[in-house]
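Peer 1: This structure is in structure tokens; I'll ask about it shortly.
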Amino acid sequence: MNNNELWNSLLAQMQLHISRANFATWFQNTEVSTKENEKLVISVPNAFSKEWLSNKYYKVMLKIIHDMDNSIRELEFIINPKSSKTLTIKENVEQEKINIEQLKFDEFKVNKDTNLNPKYTFENFIVGSFNDLAYAAGSAVSENPGHIYNPLFIYGGVGLGKTHLIQAIGNKIANSSKKRVKYVSSEKFISNIVTAIRSNSMESFKASLSPIDVLIVDDVQFFSGKNKSQQEFFHIFNSLYEKNKQIILSSDKQPNAIPELEERLKSRFGGGMIIDVNLPEYETRLAILRAKLQEKNIALPEDVLEYVAVNVKKNIRELEGALNSLIVYYRSNNNIPDVENAKKLLKGFVFSPFEVANYKKIIEAVAKFYNLEEKNLFDQTRRKEIVRPRQIAMFLLRKELKYSFPEIARKFGGKDHTTVLYAYKKILQESEENNKLTEELNLIKQRVYSG
Ligand code: ADP
Ligand code: MG
């Protein structure tokens with residue numbers, strides 16, 4: 001077997017081990033560079049692939065290769081962004097024009113029983129260091145619902161794949177077992193509860209939920225402040241939980257950070273596994289774009305993809321939106337977009353911190369995150385629920401906008417600037433020691449920059 005055959009055979013076998021999206025993400029544009037004695041040197045397109053292949057797939061790859069050629073005992077990955085395959089993609093762009101004609105924006109139908117959208121699957125869910133723990137927990141739950149992580153609580157900012165992941169878990173369970181799965185958004189759930197209370201039909205509403213084996217509730221932060229609904233949810237939760245039924249929840253923040261949520265619900269929500277999803281890094285964004293294009297069977301020039309990955313960094317939803325704009329342009333003009341076109345087309349997506357962060361947005365985002373009214377932040381009070389968010393607002397004004405301490409003091413009703421300095425130092429120090437606070441700050445910043 002020559003090196004190429006060896007590699008193609010490995011690729012074929014790896015495809016059996018991992019999902020299509022992940023295969024496209026990690027193995028696209030890889031090839032054997034050389035063989036040096038016992039070592040096979042593989043060229044990969046970027047540092048991201050290198051890290052991932054050497055950390056996650058090393059063992060299984062080596063085993064497959066060694067089984068085919070037992071003289072090989074070691075793999076090495078080198079970065080070679082201009083591998084021949086990357087170039088052929090560009091050349092293929094012309095040919096892809098034909099494929100684009102066949103492009104369909106599939107309208108998937110939501111399943112009436114489960115309320116799940118079949119477009120959300122593990123197969124098309126891309127995994128990177130920003131979400132690998134959430135993915136691992138999700139797939140473990142899908143293999144063994146009700147018995148390992150219960151509830152599974154996934155949290156993170158908007159557009160980072162929470163809904164995709166929790167629906168993928170549901171679809172997997174629904175398709176591979178007889179279990180009854182139900183997905184519901186919190187808004188819908190709350191409105192069902194409110195209706196049941198009003199019409200005195202709580203018992204029959206609960207009875208309708210009792211045959212469910214897997215209950216998925218999206219965006220539970222919306223239960224904040226809804227006391228009656230929280231009470232009912234608590235009972236529904238308990239009765240399913242006691243029967244070992246799987247509960248899967250998502251939220252934009254962790255249970256403890258959800259304001260105006262009963263303690264007993266916080267503790268139920270956090271009683272299983274809590275995992276966050278983060279923002280993907282540049283290399284991951286590029287990999288996501290490549291995988292999404294491959295799924296659609298379209299190629300775009302590499303420099304255009306790089307332009308998108310550099311500039312669209314808010315979340316995966318935006319990344320998809322940007323890509324779709326390019327595809328629509330491509331389809332309607334029958335013209336491959338270049339970087340200049342992309343610049344024009346993607347104006348709305350391009351993320352520029354200096355343009356979007358401002359005083360108003362910081363105050364708004366902090367207040368919203370802690371479920372306060374903006375004016376509460378300026379109340380002359382020492383109440384903990386206010387003091388803490390106020391310190392965070394002060395911290396962000398300094399850190400993100402470089403406001404001076406006296407300037408911030410003036411904004412907060414002429415406080416002594418040493419109060420502001422104290423707040424800044426306190427939050428800074430705590431965020432260095434405390435991951436939870438760092439996460440909270442990141443979630444708030446994400447809102448500031450996405451608003
Ligand atoms: P959230 O619920 O966190 O706001 P969504 O699950 O709605 O985010 O994701 C936004 C969009 O990005 C969806 O179209 C989803 O399919 C896509 N997406 C998010 N994460 C991934 C991923 N890891 N792999 C592939 N697509 C993703
Ligand atoms: Mg969602």
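Every number here is computed from the coordinates shown, using simple stated rules; none is lab data. Fair warning: this is a prediction, and the values are worked out from it, not measured in the lab. Virtual Cβ from ideal backbone geometry, glycine too; neighbours counted across all protein chains shown.
Peer 1: With label points built 7 Å along Cα→Cβ from the Cα atoms of PHE205 and ASP416, find their separation and express it in nm.
Peer 2: Output for this residue pair reads 5.2 nm.
Peer 1: OK, next. Running Debye on region 129-287 with equal point scatterers at the Cα sites and no solvent, what base-10 log of I(q)/I(0) appears at q = 0.09, 0.15, 0.18, 0.21 Å⁻¹?
Peer 2: Debye intensities relative to I(0), on a log10 scale: -0.28, -0.77, -1.09, -1.43.
Peer 1: Put a dot 7 Å past each Cα toward the Cβ at ASP303 and ALA136; how far apart are the dots in nm?
Peer 2: It works out to 4.0 nm between the two label points.
Peer 1: Still on this structure: Which FRET efficiency value, to the nearest 0.05, do you get for ASP113 and ARG317 by plugging their Cβ-Cβ distance into 1/(1 + (r/R0)^6) with R0 = 30 Å?
Peer 2: 0.65
Peer 1: Taking the Cβ-Cβ separation of ILE197 and ASN175 as r and a Förster radius of 35 Å, what is the calculated FRET efficiency to the nearest 0.05?
Peer 2: It comes to 0.50.
Peer 1: Show which lysines lie in cross-link reach of LYS375 when reach means a straight Cα distance below 18 angstrom and same-chain residues fewer than eight apart are skipped.
Peer 2: LYS360, LYS361, LYS384, LYS411, LYS415
Peer 1: Okay, moving on. Calculate how steeply helix 282-296 sits against the longest principal axis of the alpha-carbon atoms of the chain, using the helix alpha-carbon long axis, and give the answer as 0 to 90 degrees to the nearest 10.
Peer 2: Long axis of 282-296 versus the principal axis of the chain: about 70 degrees.
Peer 1: Right, here's the next one. From the square roots a ≥ b ≥ c of the eigenvalues of the alpha-carbon gyration tensor of region 167-221, which class results: rounded (a/c under 1.5), prolate (a/b over b/c), or oblate?
Peer 2: Values: a/c = 4.34, a/b = 1.65, b/c = 2.63.
The shape class here is oblate.
Peer 1: Given charges of +1 on the Cβ of Lys and Arg and -1 on the Cβ of Asp and Glu, with all other atoms neutral, how large is the dipole of the chain about its Cα centre, in debye to the nearest 20?
Peer 2: 1540
Peer 1: At a Förster radius of 30 Å, what calculated FRET efficiency corresponds to the Cβ-Cβ distance of LEU62 and ARG20, to the nearest 0.05?
Peer 2: 0.85
Peer 1: Out of region 18-79, which GluC sites (Glu not before Pro) are coil in DSSP terms and have no more than 11 other C-beta atoms within 10 Å?
Peer 2: Passing sites in region 18-79 are GLU38.
Peer 1: Give the angle, between 0 and 90 degrees and rounded to the nearest 10, that separates the Cα long axis of helix 84-101 from the longest principal axis of the Cα atoms of the chain.
Peer 2: That helix lies at roughly 70 degrees to the long axis.
Peer 1: Within region 334-440, report the GluC sites (Glu not before Pro) that DSSP leaves as loop and that have at most 12 other Cβ atoms within 10 Å.
Peer 2: Taking region 334-440 and a limit of 12 other Cβ atoms within 10 Å, the loop GluC sites (Glu not before Pro) found are GLU373.
Peer 1: Okay, helix-only estimate at 222 nm for the chain: each DSSP H run of n ≥ 4 adds -39500 (n - 2.57), divide by all residues, round to 500 deg cm²/dmol; what do you get?
Peer 2: Mean residue ellipticity at 222 nm (helix-derived): -17500 deg cm²/dmol.
Peer 1: So how much slack lies between ASN70 and VAL328, counting 0.36 nm per residue of separation and subtracting their Cα-Cα distance, in nm? Please report the intermediate quantities before stating the final value.
Peer 2: Working: separation 258, 0.36 × 258 = 92.88 nm, distance 4.91 nm.
That pair, ASN70 and VAL328, stretches by 88.0 nm at full extension.
Peer 1: Calculate how steeply helix 435-450 sits against the longest principal axis of the alpha-carbon atoms of the chain, using the helix alpha-carbon long axis, and give the answer as 0 to 90 degrees to the nearest 10.
Peer 2: The answer is roughly 80 degrees.
Peer 1: Rank LEU441, ALA423, PHE412 by how far each Cα sits towards the positive end of the charge dipole of region 410-450 (+1 on Lys, Arg Cβ; -1 on Asp, Glu Cβ) and give me just the farthest.
Peer 2: Highest projection toward the positive end goes to PHE412.
Peer 1: By how many nm would the segment from GLU262 to VAL184 lengthen if fully extended, with 0.36 nm per residue of separation less the alpha-carbon distance?
Peer 2: Here the answer is 26.0 nm.
Peer 1: For region 375-451, which trypsin sites (Lys or Arg not before Pro) are both in a DSSP coil and crowded by at most 14 other Cβ atoms within 10 Å? Intermediate values should be presented prior to the final figure.
Peer 2: Working: sites: LYS375, ARG382, ARG383, LYS384, ARG390, ARG398, LYS399, LYS402, ARG410, LYS411, LYS415, LYS425, LYS426, LYS436, LYS445, ARG447; in loops: ARG382, ARG383, LYS402, LYS415.
Loop-located and lightly packed - ARG382, ARG383, LYS402.
Peer 1: Right, something else. Between ILE79 and GLU36, what length in nm is gained on full extension when 0.36 nm per residue of separation is reduced by their alpha carbon distance?
Peer 2: Extra length available between ILE79 and GLU36 comes to 13.8 nm.
Peer 1: So, one more: Using just the C-alpha positions of the chain as equal point scatterers, what log10 of I(q)/I(0) does the Debye formula give at each q in 0.08, 0.11, 0.13 1/Å?
Peer 2: Each listed q maps to, in turn, -0.58, -1.03, -1.26.
Peer 1: Would you mind computing, in nm to one decimal, how far apart the modelled labels at ASP379 and THR438 are, each placed 7 Å from Cα along Cα→Cβ?
Peer 2: 3.2
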